[in-house]
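The values are calculated or read from the model by the stated rules, or taken from the named source; none is laboratory data. Just so we're clear, the structure is a prediction, and the values are computed from it rather than from any experiment. Cβ atoms come from the backbone with ideal geometry, glycine included; neighbour counts cover every protein chain shown. These area figures cover heavy atoms from the full protein model, side chains too; ligands, DNA and RNA do not enter into them. Shrake-Rupley method; radii C 1.70, N 1.55, O 1.52, S 1.80 Å.
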Amino acid sequence: MAISTHIPSLTSLAVSLSLLLLVYLQYALSWRKRSRWRPLPPGPKALPIVGNIHNTPTSKLAWVGYRDLCAQYGDIVHLQVFNKHIVVLGSPDVIFEYLNKRTANTSDREHTIMLELTGADVNFGFMPYGPWWRRHRRAFWQYFHPGTVEGYRPVQRAAAHGFLFRLLEDPTNVEDHIQYTFTASMTKLVYGIDGDDSIKREITLVANAQAAIAQGLVPGRFLVQSFPFLRHVPAWLPGAEFRRLSNKWMAAAWSAKYEPFAEMKKSLGEKSRSIVGQLLTKLALAEVPDKARAEEEDLISNVGTVALQAGSKTTISTITGAFLALSLHPEVLQKAHAELDAVVGPDRLPDFSDRGSLVYVSAVIKEVLRWSNSTPLSLPHCATEDDELHGYFIPAGTVLFPNTWACMHDPKAYDEPKAFRPERFIRDGKLDPSVRDPADFVFGYGRRICPGRHFAEETVFINMASVLHCFDIGPPLDDHGQPIKVVPAWTDGLFSYIVDARCTVTPRSAQAEALILQAQSHVPSALESWSRSEAHEGDVVEA
Ligand code: HEM
């Protein structure tokens with residue numbers, strides 16, 4: 001009896017083992033065929049099944065950890081987490097070679113079911129590389145290339161003047177004012193909508209949609225990320241929390257996409273100068289079948305929502321970084337004041353036309369972009385097909401992390417990289433082109449490079465030049481009026497923020513106050529006259 005029960009179980013064990021061996025051999029053979037015997041890039045030793053989960057940086061900021069791994073293993077480092085391959089690109093040479101030059105295979109994004117479940121799939125910044133992404137990017141770029149962006153200056157200027165006024169009225173909520181300023185200019189440009197209530201509502205809509213993405217895209221938080229079929233389990237089952245959250249996330253994404261869109265459509269005639277207004281007017285005049293029209297309208301509403309969502313965190317984080325840096329460095333503030341006094345003088349506010357003459361202010365902005373990175377690992381790209389880099393095998397689907405932060409804190413390029421020192425960008429009274437330019441890094445790479453970068457640079461310039469012209473910025477004060485020492489620190493995550501950006505903001509003079517009040521009184525008419533102006537598309541060059 002005992003023998004007869006053991007024989008079948010031994011046989012089935014042998015069969016199972018043979019099957020396992022077969023599967024393994026097949027996998028190994030296919031791997032050999034795909035890799036053509038090329039090794040994966042070097043990296044720490046992986047454990048069975050979980051891979052390098054223990055090597056992914058947790059005790060320090062991810063980009064600092066990745067920089068340290070590159071110091072140990074070289075500029076190209078491989079990690080594996082379960083079945084996901086990650087390659088860290090640790091120097092400008094490998095980043096430019098792979099992401100800027102070999103773009104046909106390195107412009108994808110990681111495919112994850114969470115994009116759909118959070119509603120983030122309407123954001124073309126996360127879309128897979130392909131025709132749908134390309135159509136979004138073209139539509140967007142048409143309105144954000146350098147030739148068009150110039151036409152947005154009246155709105156950006158009005159928003160900057162509004163910013164000065166808000167800082168004057170309430171110098172305590174600097175970050176809120178930055179957010180308000182960015183949203184005010186974008187809501188006007190994208191939907192033609194202004195007014196305090198509409199701007200505040202838009203801030204909430206964008207914040208809700210971004211919170212959904214921040215919660216839903218945390219790697220490994222939900223089992224459904226690794227096992228997409230679980231998306232079909234009923235919401236009441238234990239462990240199906242993601243289904244309940246997903247309903248909330250998708251509702252937030254839907255509201256951010258459709259509420260301002262629906263509002264602007266109601267009065268399209270008046271709002272036709274706006275970006276979405278122009279796209280809808282063009283569509284109305286085109287002869288397109290109904291199905292294609294619906295698809296095009298979907299694309300237009302996506303373009304509107306992404307302009308607000310993709311640019312807000314990065315721009316807000318950059319300007320907040322500038323306030324912190326200036327509050328810590330009175331010597332920088334003093335030099336910027338001296339330059340503005342000499343170039344602009346006390347009787348007016350700075351304008352876009354001053355940019356070329358404001359060398360020191362331009363260097364301050366470059367140093368802010370270098371010192372405080374809002375996306376230290378950029379937005380990771382993904383390899384579409386199996387590939388080879390420097391003799392190493394890069395499997396299809398590998399997530400590519402360009403370590404922008406490491407390039408911006410490389411002591412070989414920037415002496416004492418932790419120090420905030422705008423002078424490093426200046427030689428003989430001019431911007432020094434031989435110094436590594438942060439703009440070549442912080443806006444990302446290749447075909448995915450930030451298409452809002454020209455707009456962003458103008459926004460940062462007009463706001464920072466105006467603030468520097470009118471205000472003193474210093475450390476925060478305690479209840480006894482004593483300065484509080486703020487130690488610069490940044491949050492971890494895809495988007496990185498200053499942890500503590502408290503500072504004091506006070507007008508430089510009575511004349512500065514008067515300039516602000518005068519500029520603020522012209523804001524409504526400036527916005528009104530922009531709405532009635534002609535749009536100029538300029539010559540579209542490749543993104
Ligand atoms: C200082 C401000 C900004 C910084 C530092 C920044 C940085 C970035 C970075 C690093 C990427 C990823 C690039 C890559 O994948 O290689 C990106 C993508 C993107 N940015 Fe920006 N950005 C800023 C402002 C803006 C603004 C104002 C807008 C909108 C007007 C915008 C729209 C976008 C879009 C739509 C994408 C996705 C591009 C794609 O995947 O094809 N950004 N940005």
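Just to be sure, is LEU333 away from the ligand (no atom under 16 Å from the Cβ), surrounded by 16 or more Cβ atoms within 10 Å (Cβ to Cβ) and not in a loop (DSSP other than H, G, I, E, B)? The answer is yes for LEU333.
Would you be able to say whether some residue in the stretch 413-433 is aliphatic (A, V, I, L, M) and open to solvent by 40 Å² or more (accessible area, probe 1.4 Å)? The answer is yes; a qualifying residue exists.
Restricting attention to the stretch 375-389, the residues that are over 30 Å from ILE316 (Cβ atoms), open to solvent by 20 Å² or more (accessible area, probe 1.4 Å) and of a type outside the set (Asp, Glu) total 1.
Residue by residue, here is whether (1) touching a residue at least 60 places away in the same chain (Cβ under 8 Å); (2) not charged (D, E, K, R) holds:
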site: TRP371; (1), (2): no, yes
site: SER378; (1), (2): yes, yes
site: THR384; (1), (2): yes, yes
site: TRP405; (1), (2): yes, yes
site: ASP415; (1), (2): no, no
site: ALA419; (1), (2): no, yes
site: VAL435; (1), (2): no, yes
site: ARG447; (1), (2): yes, no
site: PRO451; (1), (2): yes, yes
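In the stretch 184-207, the residues that are assigned to a helix (DSSP H, G or I) and open to solvent by less than 30 Å² (accessible area, probe 1.4 Å) reach residues that are basic (Lys, Arg) and away from the ligand (no atom under 14 Å from the Cβ) with C-beta atoms within less than 8 angstrom, at least six apart or across chains, in these pairs: TYR191/LYS271. Any chance the stretch 127-146 includes a residue that's more than 12 Å from the ligand (Cβ to nearest atom), more than 21 Å from the chain's Cα centre (by Cα) and more than 23 Å from ALA253 (Cα to Cα)? Within the stretch 127-146 (the criterion being more than 12 Å from the ligand (Cβ to nearest atom), more than 21 Å from the chain's Cα centre (by Cα) and more than 23 Å from ALA253 (Cα to Cα)), the answer is no, since none of the residues qualifies.
Within the stretch 282-296, the set of residues being surrounded by fewer than 16 Cβ atoms within 10 Å (Cβ to Cβ) and either among the polar types (S, T, N, Q) or within 16 Å of TRP132 (Cβ to Cβ) (or both) comprises LYS291, ALA292, ALA294, GLU295.
Listed conditions (1) out of contact with any Lys or Arg (no Cβ under 8 Å at 6 or more places or on another chain); (2) surrounded by 13 or more Cβ atoms within 10 Å (Cβ to Cβ) are all met by SER267, apart from (2). The listed residues are SER317, SER362, and the only one of them that is within 14 Å of the ligand (Cβ to nearest atom) and either under 23 Å from the mean Cα position of the chain (by Cα) or not in a helix (DSSP H, G or I) (or both) turns out to be SER317.
Which of the following residues is among the small types (Gly, Ala, Ser) and open to solvent by less than 10 Å² (accessible area, probe 1.4 Å): ALA235, ALA262, ALA307, ALA252? First the steps, then the outcome.
Values: ALA235 fails: open to solvent by less than 10 Å² (accessible area, probe 1.4 Å); ALA262 fails: open to solvent by less than 10 Å² (accessible area, probe 1.4 Å); ALA252 fails: open to solvent by less than 10 Å² (accessible area, probe 1.4 Å).
The unique qualifying residue is ALA307.
Going by the conditions given, is PHE82 surrounded by fewer than 22 Cβ atoms within 10 Å (Cβ to Cβ) and closer than 25 Å to GLY51 by Cα? Against the criterion (surrounded by fewer than 22 Cβ atoms within 10 Å (Cβ to Cβ) and closer than 25 Å to GLY51 by Cα), PHE82 qualifies. For the stretch 434-450, name all the residues that are touching a His at 6+ places or on another chain (Cβ under 8 Å) and open to solvent by 10 Å² or more (accessible area, probe 1.4 Å). Correct list: GLY446, ARG448. The set of residues in the stretch 137-177 being free of Cβ contacts under 8 Å to residues at least 60 places away in the same chain and in contact with a Leu (Cβ under 8 Å, 6 or more places away or on another chain) consists of HIS177 alone. Residues that are within 11 Å of the ligand (Cβ to nearest atom) and of a type in the set (A, V, I, L, M) within the stretch 295-309 comprise VAL303, VAL306, ALA307, LEU308, listed in sequence order.
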